[in-house]
1. Tabulate in residue order the Karplus-calculated ³J(HN,Hα) for segment C:52-57, using 6.51 cos²θ - 1.76 cosθ + 1.60 with θ = phi - 60°, rounded to whole Hz; enter x for Gly and Pro.
2. Please report the relative contact order for segment B:92-210, taking Cα pairs under 8 Å with a sequence separation of at least 6, and give it as a percent rounded to a whole number.
3. Considering every Cα-Cα pair within segment A:1-121, what fraction, in whole percent, is farther apart than 19 Å?
4. Among the listed pairs A:Lys73/A:Lys217; A:Lys36/A:Lys73; A:Lys73/A:Lys159; A:Lys217/A:Lys288; A:Lys19/A:Lys78; A:Lys36/A:Lys112, which have their C-alpha atoms separated by more than 24 angstrom in this model?
5. Just check segment B:118-266 against the gyration tensor rule for me: Cα atoms, a ≥ b ≥ c as the square roots of the eigenvalues, rounded for a/c under 1.5, and otherwise prolate or oblate depending on whether a/b exceeds b/c.
6. Give the relative contact order (percent, whole number) for segment B:56-261; include only Cα pairs under 8 Å separated by 6+ residues.
7. Trypsin sites (Lys or Arg not before Pro) within segment A:188-248: which are DSSP loop residues with at most 14 other Cβ atoms inside 10 Å?
8. Under unit Cβ charges (Lys, Arg +1; Asp, Glu -1), what dipole magnitude, rounded to 20 debye, does segment B:56-261 have relative to its Cα centre?
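Here, each number is a calculation from the coordinates, and none is a lab measurement. Since the structure is predicted, the reported quantities are computational estimates derived from the model, not experimental observations. Cβ sites come from the backbone with ideal geometry, for glycine too, and all protein chains shown count toward neighbours.
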Amino acid sequence: MKGEGDDGMAYLVLDQLTKRFGNWTAVDHASLTVEKGELISLLGPSGCGKTTTLQMIAGFLDADGGRVTLDGKDLLAKKPNERGLGIVFQSYALFPHMTAAENVAFGLEMRKINRADRERMVADALKLVGLEQYGDRHPRRMSGGQQQRVALARALVIKPSLLLLDEPLSNLDAKMREEMQIELRRIQRTVGTTMILVTHDQSEAMALSDRVVVMNKGRIQQVATPQDAYDRPANAFVANFLGRTNLLPGMVGAGAGGGTVITVADSVWPVAQEVPAGPGALAVRPEKIGFVDAGGLSGTVLARVFQGTQWLFEIETAAGRLMVIRQHDGSPLPAERERVMVGWRPQDMAVMPADPDTASGVREAA
Amino acid sequence: MNRNGPIALIFHCLFLGFLLAPILIVCAVAFTSQGYLSLPTEGLSLRWFRAIGDNPEFIRAFKDSLLLGAVSSTLAILVAVPAALAIARHQFFGREAIQALFLSPLMVPHIVLGIAFLRFFTMIGLGGTFAGLVLSHVIIILPFALRLILAASTGMDRAVENAAASLGASSWTCFRRVTLPLILPGVASGWVLAFINSFDEVTMTVFIASPETTTLPVRLFLYIQDNIDPLVAAVSAVLIFLTVAAMLVLDRVYGLERLLVGKGRD
Amino acid sequence: MAASTETQVSGAQASAPPPPRRRRRWPLAPYLLSAPGLALCAVLLLVPLVMTFLLSLNSFSFYGGIQNVWQLGNYADIIADDYFHEVFLRTFRIAALVTLLCAVFGAPEAYILRRMKSPWRGLCLLIVLGPLLISVVSRTLGWALLFGSTGLVNQGLMGLGLIATPIEFMYTETGVVIALTHVLVPFMVLSVWASLQRLDPQVENAALSLGAGPLTVMRRVVLPQIVPGILSGSIIVFALAASAFATPAIIGGRRLKVAATLAYDEFLNTLNWPLGATVAVLLLIANIVIIVGCNRLVERRYKQVFE
């Protein structure tokens, strides 16, 4: 699945990048185009190939096939220390025997920048991440969040053509993570560096990225803006991975009025997307489902749970069980064991072909 | 938590007494004022320590031992550091076999090594030379150096080296500026442990040392075989004092337990 | 392949993956890094050992010296001669006794050490492990001083009225066993100590809370978990005791020969190098069989319990 395509804005291009470990294909023909200044997330469960992809871009792993070009130049032909990329490691990988300032200065020394310029640039970088007071500290004597900032400053100070971030926030506690998300977004706006963020946390990817790349089993499943991927998942895996969803089996065919429709048990829904006729699946978010009087899917309330601001319903239908979330706003809601009919707006659902491969992925992710 | 009962503590004291008794008696006898083996009941005297000075062969053997220990430990480190990095950093065919070969001198009794080196050095003309002593000592202390450096290298976060590379450091710069400083405690302790093992070695060295080039333990061993007098006690006492001093320093710097149990990974 | 060709090809091959284009990583690097050590071990370890084996096949005559013939006569001599049987039997008897004593005293000591409080524990550990770093010759000299007929041990025992006449320790197996136990027991403590590190102290409390007495806890909970430590310590102690040289040479003297002192005498006194080499080869084989064989056994037995 290609990204936006070759519209001349392509900066980083992965072309059918492949990595195998023995019989296992960790990254399977991954192709992707990143524009200059973009912040893009590689998102997926562990083992989906996102970190392997990052390692190949960084040069710590050799690709088994495919190409990577950065600004038109072949990246895979260069050694890791000649690629000029900035990398923020999951463990931060700060040099424990150097102070924060020495850590930040290391890349500049390698570039043989004179002392005066170096000191100025280190000071600027530490200021950018809000650590101007901590230059003389050793990493061991800093908090996780501060170490994270040093790692960021060290990677940014060399003015990298591309910044790679490998699960950069995973070692922080929840409060610190939120702070750093905002901080990271601010820094990215300030310096405008193209960034690739690897994460398994969908909310982090949604919050930070211009676009997300959802990966599973070494393959890219969808490349889209966070909103698009959430509202119109390309397949069952994406629908399930990005938040909770209901996935109902159905049959796609021609409707009575001429357009394409999908039939799910006793209900029929118009399909706006282009989906081949035959077995298909319909994805709809729990909060998009409401109780209707007619024209919906009929079922029985199995259980209802009060969650403070909302009610959670489990409904048994002929197409399987589904989750419904309704706001707790005083409106009358069905009781347990009551016969009901549920419905949703056609624009709130996504229809996809029933692919046996992705279908199995759904069960795993669910 | 669980505490030791009185029986356990008595056992413990007897055990420590058993371990310390022969060491303490050597030190005690060394201070005797008599001309024969006896405890210094008649008052302490340093006459036997002074007597060491009148036996230049002990002094020379001591100097030779120091030089031998220093040279062979340094050589062992120079061989062990790249080998440890290869084993810790790379997956390659024969990795386990190579590691086993480097550690195998631990499995060969020193008496066998002594015989093997005597035969080998005699044939290639290194018999009784300092070079022969150095080479043989490098072999027996290599495993000790390798184990500590290996522990330090495997315990190190690989991402730190990757970070240096991503910032533009070449392999050599990365080794000099990042890897070496980080494994330095292991390297230093490996050197010290290798030095102590070289300095204390007697079984193998007794075969390949010559009267001109010999080590202090060998000199002491040969002397004791003929005759035990307060002089050897004094020499041994000096050795014990030096070892204890080195041990205390080592314990402060690296931790004796970590050094001997080999738990550098934690 | 030049980069420009690659660029042209990429557009055309949209569906098939482009050929792998890798930065060349040098697969020889680890071999180069370990080359100095490999060369050293090959030349200075394998070659001399092989030469020793070849030497053991030569024959020796008192007047002609070493004869360059290949035969198994030396092995046959050792197998046939009662004197050699006695020496080897004594060597293994001593090694077995030393191993037993080290296990009996070293294992409880390691357990006691682990239960000690912080400053004492470090100090005691230093006292227990420190002797490992002190020259074997100095330590054995201490025992020679203690054992002498006017030595402290006999004076003490007689003073307590336990014995009437001095016990002969020098030049006896008893003396060698005691001195060797002293030399080697730190290895046992070390080995058991290492296995105790993996033991969760809460497990003992759990057993106590379930109603087990201290002895039951020891027998049913602690002991099974440190057995691998005792076994691997025993392998080390046995191997070192069987090939020990300096201690038996000083305490046992010329009268009480073990395999190592026998080889030494054949080499440096009798000058029968082929026979000495034969003893060395037998010792080496016994050592390797014991270490490798027992390690296999211990690993197989306890693999499922640990890791």
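1. Computed from phi, the couplings for segment C:52-57 are 4, 4, 4, 4, 5, 8 Hz.
2. Reported relative contact order: 43 percent.
3. Of all Cα-Cα distances in segment A:1-121, 57 percent exceed 19 Å.
4. From the list (A:Lys73/A:Lys217; A:Lys36/A:Lys73; A:Lys73/A:Lys159; A:Lys217/A:Lys288; A:Lys19/A:Lys78; A:Lys36/A:Lys112), the Cα-Cα distance tops 24 Å for A:Lys73/A:Lys217; A:Lys217/A:Lys288; A:Lys36/A:Lys112.
5. oblate
6. Computed value for segment B:56-261: 33 percent relative contact order.
7. A:Arg244
8. Magnitude of the dipole: close to 620 debye.
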